[in-house]
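Reviewing the structure listed below.
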C-alpha cells in the first residue's frame, strides 16, 4: 500500500532579544509571584507560528521559504530572534 507523502510542518518560535525590555513578561512574572510561584526568576513572552508546506518540496526549499517569510513579515529583526523546527510526518514514519 502506497502512503501519501505528508506536507512539511514548520514551527516558528519568536522571542524578544535579551536586550529588549519585556513589560508583558514582567506582568506575567508578577502575577505568578502573587499566586505563590515565588521561585520563578523570569518570564518572557514570544510568538508561535505553525506553517504547512507542500510535500513535493525538499527540506532545503522549505527552510529557505520559511526564513524568507520570517525575515519579510513574521519577525522584527531589530528586536526579535527566531528559530525553526521543520518536520515531515512521512519521514518519521519511515
Quick calc: nm separation of the 7 Å Cα→Cβ label points for residue 63 and residue 81 -> 1.8
If you line up the long axis of helix 59-69 against the longest principal axis of the chain, both from Cα atoms, how many degrees apart are they, to the nearest 10? 40
Using r as the Cβ-Cβ distance of residue 50 and residue 19, and R0 as 30 Å, what FRET efficiency do you calculate, to the nearest 0.05? 0.60
Relative contact order (percent, whole number), the chain, Cα cutoff 8 Å, 6+ residue spacing: 49
Cα long-axis angle, helix 23-34 against the chain (0 to 90 degrees, to the nearest 10): 60
Only one of the values (1) 135; (2) 175; (3) 191 was calculated from this structure for volume of the Cα convex hull per residue in Å³; name its label. (1)
Would you please put 44-51, 64-71 in order of how densely packed they are, using the mean number of other Cβ atoms within 10 angstrom per residue and starting with the highest? 64-71, 44-51
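All of the numbers you see were taken from the coordinates with simple rules; none came from a lab. Worth saying up front: this structure is predicted, and the values here are computed from it rather than measured. Counting neighbours? That spans all protein chains shown, and the Cβs are built from the backbone with ideal geometry, glycine included.
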